[in-house]
Structure formats: C-alpha cells, structure tokens
Amino acid sequence: MITIKTPVTRDDFKAYYALRYKVLREPWGHPKGTEKDDYEPISEHFMAVNEKGEVVGVVKLYEKSEGVGHVSHLAVSPDHQHKGIGKLLVQTVEARAREHGFHSVGTMARVTATAFFEKHGYRVTGMPSVHLGTTHLVWMEKELS
Ligand SMILES: CC(C)(COP(=O)(O)OP(=O)(O)OC[C@H]1O[C@@H](n2cnc3c(N)ncnc32)[C@H](O)[C@@H]1OP(=O)(O)O)[C@@H](O)C(=O)NCCC(=O)NCCS
C-alpha cells in the first residue's frame, strides 16, 4: 500500500532528494545538487512511501505567481512506474493547490511526459526549451475547478 507523506526528518529529506536525483538527473550524468532548485525553501514537498518504508515517488508544489501553483520534480521510481503512483502524487498536489485557493496549476513537463499530464487535464501552453543541455521541457497548465 502506498501512503503520501511530507518529508520532516533529515532522513526523510535525504531519501526524498535521492529519489529525485536517481530518476531525474543521474540517467543523464548530471552532478549531485542539480536535483534541487531555488524554490526548495518555499515549496511543499510530498513523497509516496510503500509498505517497506521506501520512498517510491516524489513531487513538490509552490506558488509561482498569484493563484498559480507550480508542480515540479514529479518522479516515480522506475520499479514502481505505471502503478498509479504518479497519478496519486498529481492528485495530492492539485488537492493542496485547491486548499490554497489557486485557480490553476502548471508544470515544466518533459516532452516525454506530456501524454501523462494530458491524461490529467493539462494542456501545453508554451514552446519546448532545452533544460540542462539534455532534456526538453514545455510549460503545461490546468485550470482548477
Ligand atoms: C511520468 C511519471 C511521473 C508517471 O508516473 P507513474 O506512476 O508511472 O504514472 P501512473 O502509473 O500514475 O500512470 C497513470 C497513467 O499515465 C500513463 N503514463 C504513465 N507514464 C506515462 C508517460 N511517460 N507517457 C504517457 N503516459 C504515461 C499510464 O499508462 C497510466 O495510464 P492509465 O491510467 O490509462 O492506465 C513517471 O513515469 C516518471 O517518473 N517518469 C520519469 C520522470 C518524468 O518524466 N517525470 C515527469 C515530470 S518532468
């Protein structure tokens, strides 16, 4: 069973950032540290934890501009993908965004993940751009009802 938690302890954050690095940075040879951005301190962090206590998915949310939530660094461990964990994390941040009263959420999605976000009601509203010299990202947005 998967539980959604917010990291609290030092060990929680260590496991949280380790998964982010493993899924989003290590495969492209990016150095440690690149898995973090300038918005960590103002972000709310969520992690999916399995019955063994392992962190198998992560995502964060912060207010990008008034009423617009920025969903970022969504990552699910390769061994646990396609089991609904990504969906659960997206639903979690959207619920949080609604609690804040945000009117919309958006994300810089990898072009390989746009189909995933489209399934969840996001639409591409920008032009793809290169990120860290390897992956292409594109801004996608969803109105929250
Ligand atoms: C994209 C990602 C977060 C999806 O997480 P997941 O746990 O595998 O997704 P889910 O199991 O919740 O999938 C839900 C649905 O989306 C589909 N899906 C999952 N990944 C997809 C992808 N990359 N492209 C298209 N559809 C995808 C699933 O088949 C499933 O469809 P269904 O509901 O019709 O069966 C995960 O594959 C991942 O971490 N990828 C690498 C990093 C990445 O691209 N992150 C995205 C942010 S930039």
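Things worth noting here:
- Note on the range 3-103: lysine pairs with Cα distance below 18 Å, sequence gap of 8 or more or different chains, count 17.
- For GluC sites (Glu not before Pro), the sites in the range 61-139 that DSSP calls loop and that have at most 15 other Cβ atoms within 10 Å are Glu66.
- Share of alpha-carbon pairs per 10 Å distance bin for the chain, given as whole %: 11, 43, 38, 7, 0
- Between Arg98 and Arg123, the FRET efficiency from the beta-carbon distance, with R0 = 25 Å, is close to 0.85.
- Cβ-based exposure ranking for Ile2, Ile42, Ile85, in which fewest neighbours within 10 Å come first: Ile42, Ile2, Ile85
- Calculated FRET value between Lys5 and His82, using beta carbons and R₀ = 25 Å, to 0.05: 0.70
- Electrostatic tally near Trp28: other residues with Cβ closer than 12 Å to its Cβ, Lys and Arg +1, Asp and Glu -1, net +1.
- Built amide H within the under 5 Å cut-off of Lys64, gap 5+: Gly69, His70
- Note on the range 3-103: with charges restricted to the Cβ of Lys and Arg (+1) and Asp and Glu (-1), its dipole about the Cα centre is near 220 debye.
- Here Met47, Met108, Met1 are placed in order of increasing Cβ neighbour count within 10 Å, fewest first, which gives Met1, Met108, Met47.
- When Leu88, Leu132 are sorted by how many other C-beta atoms sit within 10 angstrom of their C-beta, beginning with the fewest, the order is Leu132, Leu88.
- Local net charge near Lys142, Cβ-Cβ under 9 Å (Lys/Arg +1, Asp/Glu -1): -2
- The Cα atoms of the range 8-52 give a gyration tensor whose axes a ≥ b ≥ c have a/c of 1.5 or more with a/b no greater than b/c, which makes the shape oblate.
- Local net charge near Gly101, Cβ-Cβ under 12 Å (Lys/Arg +1, Asp/Glu -1): -1
Each reported figure results from applying straightforward, stated rules to the coordinates on display, with no laboratory input. The model shown is predicted, which means the values in this text are computed figures rather than measured ones. Cβ: placed from backbone, ideal geometry, glycine included. Neighbour counts: every protein chain shown.
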